[in-house]
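The values are calculated or read from the model by the stated rules, or taken from the named source; none is laboratory data. Predicted model only: the values in this text are computed from it and were never measured. We place every Cβ from the backbone using ideal geometry, glycine too, and count neighbours over all the protein chains shown. Accessible surface areas use protein heavy atoms only, side chains included; no ligands, DNA or RNA. Shrake-Rupley method; radii C 1.70, N 1.55, O 1.52, S 1.80 Å.
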Amino acid sequence: MEDNFLYDTTVIKVSIADFKPLPEADNQYPLEYVEKYSVIKLKENEDTVYIGICSTGDNALIENLRNFHKKRIVFYEVDKSELAGYLGEKLSLSDEGSGSRQVLDNEKLLLDKLANDAPIINLVNSVMIEAVRKDASDIHIECYSDEAVVRYRIDGYLHTVQHIEKQRFPAVSSRIKIMANLNIMERRLPQDGRITVHLGDDVIDLRVSIIPIADGESIVLRLFNKNKAPIQMDLLGIEEAELVSLKKMFGITHGLVLVSGPTGSGKTTTLNALLRENRSDAVKIITIEDPIEYITEGINQIQTNERIGLTFDTILRRVLRQDPNIIMVGEIRDTQTAELAVRAALTGHLVFSTLHTKDSISVITRLKNMGIEPYLLAAVLKGSIAQRLVRKICRHCAKQRQPSKHEQEILKSRGFPSDSKLSEGQGCSSCNNTGYRGRTGIFELYTSDEELESMISKNLREAEIRAYLTSKKVKTLTDDGLQKAINGITTISEVERAIFG
Ligand SMILES: [Zn+2]
């Protein structure tokens, strides 16, 4: 590389990385100086010192350095964000075994400063804005041995969207910690926090979780868009016939209605739509949620907080004294909550809740296993919904095709015409080349009747109950999914994945 002297009018821009290893400790400027003046010693030998500076026009600084070194100086221009990355790396290294308060305070000041550096702020902001624009549900930022990776979860799938130089990761992590009001010096213990950001008219709530991993930290930001128009019942993806029987349940004044499915199957969205349909001046609705995902006008929403003893069952006990008509319990996880929910349903309340079971029939067995007497369950259970989310075929690149042999067999086994035309996304810019865009629910649901009540109270086996519901033409998750595949909404492979994992 050609030397550039102070009096040269042009200063070559270089990368700090090309000079590694840099002079260390006493051979380097103090970190505070590096940070304050954005200057770094890149290399030094007997007669020459090579210095990287960010603001090449700072004549006072240049003069000071000349006076200090009293030897030949070659100046190079270095990138401010790269220098910030170098400092971040230094600071994360010096964290090991640094005992003195003074050191820690200096580091904190530096990290604070770094994290508030414009390039880092822009980087973190752009990661968040892009996530909202792409409808991501989560942002994952993970630091590995040679780089940090940013991934978005979109429609349930992770996609890598950006690689960040490892040196910049500490500053990115600090920036997020500052936004979430967390301790930026803590890099050994997990931390949780919350960030609220305003993007245009949208208010985005981000739940932040930071966990140390072998090579740094794993940062996960879960996005909740509070202003996003809530999904209406009719748009959940419930077929007309099922919607009619579901809406019949709205007339019920007491009883238990359950929604089941694994985590991330859209249960909360369905429950929220159910509650909104039930909202009126004449009813008081209280929800107990973990966490509150959508704020809904006219509904009293309570957030659980295990740390201070506010669990589902303790809150539910109190809520019963508030004279509600409808109670939504985010999830029935244990016997106490199950018993309270049943008791509330028996004493004139309409209770909505969710359970982690594979289908709408196994909720009966699950509640019995939790200690609910069959005759009580028979008396309160008014309806059960099971659901999964499937990705929708991208409508910009969908094409019809003949079903494969495997698909024909599946269709035939469930009584659908095996020559039904199916659709498939070809992949385009609007679907990130995945062939899918957005998701919809597939459902199985039934409402109780006298026969079913009697079967439950007699403690009949699941198989017998299933046979009865089949005779009543209750559509299963698979049937609903296959129907949606034939209708060109999703694919059979999506349905298989959603149901069988
Ligand atoms: Zn597409």
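Take residue 396 and tell me if it is open to solvent by 10 Å² or more (accessible area, probe 1.4 Å), out of contact with any Leu (no Cβ under 8 Å at 6 or more places or on another chain) and within 16 Å of the ligand (Cβ to nearest atom). Write out each step before concluding.
Working: open to solvent by 10 Å² or more (accessible area, probe 1.4 Å): yes; out of contact with any Leu (no Cβ under 8 Å at 6 or more places or on another chain): yes; within 16 Å of the ligand (Cβ to nearest atom): yes.
In short, yes.
Quick one: is residue 412 away from the ligand (no atom under 16 Å from the Cβ), open to solvent by 10 Å² or more (accessible area, probe 1.4 Å), among the basic types (Lys, Arg) and more than 30 Å from residue 253 (Cβ to Cβ)? Before you say what the answer is, go through the steps one by one.
Values: away from the ligand (no atom under 16 Å from the Cβ): yes; open to solvent by 10 Å² or more (accessible area, probe 1.4 Å): yes; among the basic types (Lys, Arg): yes; more than 30 Å from residue 253 (Cβ to Cβ): yes.
For residue 412, the condition - away from the ligand (no atom under 16 Å from the Cβ), open to solvent by 10 Å² or more (accessible area, probe 1.4 Å), among the basic types (Lys, Arg) and more than 30 Å from residue 253 (Cβ to Cβ) - is met.
Return the residues of region 455-466 that are among the small types (Gly, Ala, Ser) and either in contact with a helix residue (DSSP H, G or I) (Cβ under 7 Å, 6 or more places away or on another chain) or surrounded by 13 or more Cβ atoms within 10 Å (Cβ to Cβ) (or both); say none if nothing qualifies. Show your work before the answer.
First pass over region 455-466, keeping only residues among the small types (Gly, Ala, Ser): 457, 463.
The one that is among the small types (Gly, Ala, Ser) and either in contact with a helix residue (DSSP H, G or I) (Cβ under 7 Å, 6 or more places away or on another chain) or surrounded by 13 or more Cβ atoms within 10 Å (Cβ to Cβ) (or both): 457.
When you scan region 164-187, do you find a residue that is within 26 Å of residue 497 (Cα to Cα), at pLDDT 90 or above and not charged (D, E, K, R), even just one? It would help to see each step written out before you state the result.
Going through region 164-187, the residues within 26 Å of residue 497 (Cα to Cα) turn out to be none.
No, region 164-187 has no match at all.
With 416, 352 as the choices, which residue is among the aromatic types (Phe, Trp, Tyr) and within 22 Å of residue 272 (Cα to Cα)? First the steps, then the outcome.
Working: 416 fails: within 22 Å of residue 272 (Cα to Cα).
On inspection, the qualifying residue turns out to be 352.
Just give me the residues in region 128-184 being hydrophobic (A, V, I, L, M, F, W, C) and within 14 Å of the chain's Cα centre (by Cα), in sequence order. Spell out the reasoning first.
Residues of region 128-184 hydrophobic (A, V, I, L, M, F, W, C): 128-129, 131-132, 136, 139, 141, 143, 148-150, 154, 158, 161, 164, 169, 171-172, 176, 178-180, 182, 184.
Residues satisfying the conditions are 128, 131, 132, 136, 139, 141, 150, 154, 158.
Inspect all residues belonging to region 469-489 and state whether any of them is open to solvent by 80 Å² or more (accessible area, probe 1.4 Å), within 16 Å of the ligand (Cβ to nearest atom) and in a helix (DSSP H, G or I).
So far as region 469-489 goes, no, none of its residues is open to solvent by 80 Å² or more (accessible area, probe 1.4 Å), within 16 Å of the ligand (Cβ to nearest atom) and in a helix (DSSP H, G or I).
Note down all Cβ pairs under 9 Å where the first residue falls in region 399-415 and is farther than 11 Å from residue 482 by Cβ, the second is open to solvent by 50 Å² or more (accessible area, probe 1.4 Å) and assigned to a helix (DSSP H, G or I), and they're at least six residues apart or on different chains.
Going by the 9 Å Cβ cut-off, the qualifying pairs are 402/408.
Of the residues 175, 168, 151, only one is surrounded by fewer than 20 Cβ atoms within 10 Å (Cβ to Cβ) and outside any loop (DSSP other than H, G, I, E, B); which?
Numbers: 175 fails: surrounded by fewer than 20 Cβ atoms within 10 Å (Cβ to Cβ); 168 fails: surrounded by fewer than 20 Cβ atoms within 10 Å (Cβ to Cβ).
Only one candidate qualifies: 151.
What pairs can you find where one residue is in region 266-295 and β-branched (Val, Ile, Thr), the other is modelled with pLDDT under 85 and not in a loop (DSSP other than H, G, I, E, B), and their Cβ atoms are less than 7 Å apart, with a gap of 6+ or different chains?
Sorted first by the residue in region 266-295, then by its partner, the pairs are 285/278.
Here are the criteria: (1) modelled with pLDDT under 80; (2) not in a helix (DSSP H, G or I). Tell me which single one residue 22 does not satisfy.
With (1) modelled with pLDDT under 80; (2) not in a helix (DSSP H, G or I) applied to residue 22, the lone miss is (1).
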